[in-house]
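The values are calculated or read from the model by the stated rules, or taken from the named source; none is laboratory data. Fair warning: this is a prediction, and the values are worked out from it, not measured in the lab. In this analysis, Cβ positions are derived from the backbone assuming ideal geometry, glycine residues included, and neighbour counts consider all displayed protein chains.
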Amino acid sequence: MAFACLFVTDFPAQAVVRLEPDLREKGVAILAGAAPLTKVFATNRQARDLGVETGMTKVKAEAFQGVVWRWRSLSQEASAYAALLDCAWAISPRVEDGPSREEEDFCDTVVLDLAGCEKLFGSTEKIAHDLKRIASEVGLEANVAVAGNPLAAVCAAQGFLGVTVIPAGDERLQMGRLSLEGLRIPFEFVETLRRWGVRTCKEFAALPEIAIVERLGQEGLRSWRLAQGANAHPLIAKDFPTNFEEHMDLESPVDLLEPLLFVLNRLLEQLFARLRMHILSLGEIKVTLTLERKDSRRKWPIFHVRTLRLPVPARDGKLLLKLLRLDLEAHPPPAPVTAVSMLTTPARAPSQQLGLFLPLSPDPERLEITLARIQNTVGEGRVGAPVLLDTHGPDSFQQNCFVLPEMREKRAGGEKQTTAVMRIYRPPLPATLEFREGMPTFLSCEGIRRQILAFAGPWKRKGDWWSDTAWAREEWDIEIRTLRPKVRVELSGNGENETALYRVYKDLRAKRWFVEGIYD
């Protein structure tokens, strides 16, 4: 068996740099703590080369030139660690959190089981280099180690730079090159061992087992076995996430659309990089903008939330950016933005089989952008596909998101249901209905008088009596010779002898008759 470990050095600093690539070659120091106790929480290698050290006060650290200062963001660290987990899930389904640093309140290590992965991805050396490359694609520079047990892989990744592959049986030899601090053992154990003259893992592993138990107890025995590369534990796998999230705290509030779109583009790039690892597309995205609080007495933050539901899963970041631009132009945030969060619901990209003799449908992504632009012009809720509501109210319908027919779910059994269709006249045609013994006999409309050949009805309905839009009507379905023979001749080639089925109704409030439509 083999296990791999990914360890991100200077994790709090890298969590910031991955969303600001222009800081990659600069010294970055992370500040934490409330004033006046603000101190340097973490630094990257460039900042340490300039002299900045962890634990410095803010006043002392600001004396160094060429260092970029950022505040610690727990949300950005959570997003960065989720991206690190995605890198491991891209290789193996069995992934475990590495040992966390409780005193520093963050985790920078991931362990994965490579059992069976060699058949899919090649040798362990190749898998280790692939893991480092995948982590680099999401903006994280990680050390990768492969060993025969999880703890040995963790210690090797945290102690050696780059890629380290420990062959089976060589764990003790490779682990002996590490210092005692590389084992992440308790500080009091390290001080005790130094007083004994022990400086390296090799010297620690050479001590007798019984003497270690007598003087350091079971915890010391565990550390001794770890120094030998023989301390193993079962891997506790995590569940694959149901959604993906990215977060970015802004250094200063943003009140213009263009700078905000620049931030949104960075988050989208990270989200799509993570989705591509799992061959997933984006089905829905929720953008939460944290707004600046104008009233300092207000304790709770103010959010501006926008949700986009796509008709088909998308894998194009430019498409999402255009849709977000159009949506924010129509619904701008009411105050400057101080933080941005994106939550996505992944989906499988649908497969589409095109026919040789069928016309091509418009590209779904371009169609969605076109519909969004039209909606910005005509108003929200006025673009889409009309859908009848489950009500007896006249002309009751709503606009739903437009979806191409081939993208809709197929009906069970694949059989099409036949439904009657009525073409509505807008506005309805004024008419006169003649009755004899309570039955309709003649219809007069547009100067034409027709005898009613068959009828059904009446249906009396009313509704919305509690509002100004109250309605009450009496409906009939009648069969007569067509009212518009010229139109019917163009459509079907028949003449005036063709009959048609019409819907007529009486507005009981206005006491007038109308022809509502014709059945196809």
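It is to be established whether one or more residues within segment 73-82 are assigned to a loop (DSSP other than H, G, I, E, B) and within 19 Å of ILE236 (Cα to Cα).
So far as segment 73-82 goes, no, none of its residues is assigned to a loop (DSSP other than H, G, I, E, B) and within 19 Å of ILE236 (Cα to Cα).
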Cβ contacts < 8 Å: first residue under 23 Å from ILE369 (Cβ atoms), restricted to segment 318-343; second residue among the hydroxyl-bearing types (Ser, Thr, Tyr), any location; separation 6+ or different chain. Result? VAL340/THR288; VAL340/THR290; MET342/THR288; LEU343/THR288
Within segment 180-213, residues being under 47 Å from the mean Cα position of the chain (by Cα), part of a helix (DSSP H, G or I) and either not aromatic (Phe, Trp, Tyr) or not assigned by TED's automatic domain parsing to the domain that holds ALA147 (or both) number 7
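For (1) of a type in the set (Phe, Trp, Tyr); (2) modelled with pLDDT under 80; (3) more than 24 Å from GLN158 (Cα to Cα), each residue gets a yes or a no:
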{"position": "THR192", "(1), (2), (3)": "no, no, no"}
{"position": "ALA206", "(1), (2), (3)": "no, no, no"}
{"position": "ILE210", "(1), (2), (3)": "no, no, yes"}
{"position": "GLY217", "(1), (2), (3)": "no, no, yes"}
{"position": "HIS233", "(1), (2), (3)": "no, yes, no"}
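Conditions tested, residue by residue: (1) touching a strand residue (DSSP E or B) at 6+ places or on another chain (Cβ under 8 Å); (2) among the aromatic types (Phe, Trp, Tyr); (3) farther than 10 Å from ALA227 by Cα.
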residue: VAL163; (1), (2), (3): yes, no, yes
residue: GLU171; (1), (2), (3): yes, no, no
residue: GLY176; (1), (2), (3): yes, no, no
residue: SER179; (1), (2), (3): yes, no, no
residue: PRO186; (1), (2), (3): no, no, yes
residue: GLU191; (1), (2), (3): no, no, yes
residue: TRP196; (1), (2), (3): no, yes, yes
residue: ARG199; (1), (2), (3): yes, no, yes
Can you pull out every residue in segment 144-161 that is more than 34 Å from the chain's Cα centre (by Cα) and in a loop (DSSP other than H, G, I, E, B)? GLY148, ASN149, PHE160
How many of the residues making up segment 274-323 are touching a helix residue (DSSP H, G or I) at 6+ places or on another chain (Cβ under 6 Å) and assigned to a helix (DSSP H, G or I)? 8
Which residue, of ALA90, ALA83, ALA63, is in contact with a strand residue (DSSP E or B) (Cβ under 9 Å, 6 or more places away or on another chain) and among the small types (Gly, Ala, Ser)? ALA83
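Okay, residues lined up against (1) among the charged types (D, E, K, R); (2) under 26 Å from GLU269 (Cβ atoms); (3) in contact with a Gly (Cβ under 7 Å, 6 or more places away or on another chain); (4) not assigned by TED's automatic domain parsing to the domain that holds LEU23:
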{"position": "LYS119", "(1), (2), (3), (4)": "yes, no, no, no"}
{"position": "LYS126", "(1), (2), (3), (4)": "yes, no, no, no"}
{"position": "LYS132", "(1), (2), (3), (4)": "yes, yes, no, no"}
{"position": "ASN143", "(1), (2), (3), (4)": "no, yes, yes, no"}
{"position": "VAL154", "(1), (2), (3), (4)": "no, no, yes, no"}
{"position": "GLN158", "(1), (2), (3), (4)": "no, no, yes, no"}
{"position": "LEU178", "(1), (2), (3), (4)": "no, no, yes, no"}
Quick one: would you say ALA237 is more than 18 Å from ARG94 (Cα to Cα), part of a loop (DSSP other than H, G, I, E, B) and hydrophobic (A, V, I, L, M, F, W, C)? no
Regarding ASP97, is this residue over 20 Å from the mean Cα position of the chain (by Cα) and at pLDDT below 90? yes
From the option list LEU261, LEU216, single residue qualifying as touching a residue at least 40 places away in the same chain (Cβ under 8 Å), assigned to a helix (DSSP H, G or I) and among the aliphatic types (A, V, I, L, M) is LEU261
Of the residues in segment 18-51 that are surrounded by fewer than 23 Cβ atoms within 10 Å (Cβ to Cβ) and part of a helix (DSSP H, G or I), the one that is farthest from the chain's Cα centre (by Cα) is ASP49
Please list, ordered by residue number, the strands (runs of 3 or more DSSP E) wholly in segment 366-444 having 2 or more residues that are at pLDDT below 80 and out of contact with any Lys or Arg (no Cβ under 9 Å at 6 or more places or on another chain). 385-388, 397-400
Any residue in segment 77-95 that's closer than 11 Å to VAL138 by Cα and outside the structural domain of LEU275 (by TED's automatic domain parsing): show its pairings with residues that are of a type in the set (Ser, Thr, Tyr) and part of a helix (DSSP H, G or I) at Cβ separation under 9 Å, as long as the two are six or more apart or on different chains. none
Would you check if there is a residue in segment 134-150 being surrounded by fewer than 19 Cβ atoms within 10 Å (Cβ to Cβ), free of Cβ contacts under 8 Å to residues at least 12 places away in the same chain, out of contact with any Leu (no Cβ under 9 Å at 6 or more places or on another chain) and not β-branched (Val, Ile, Thr)? yes
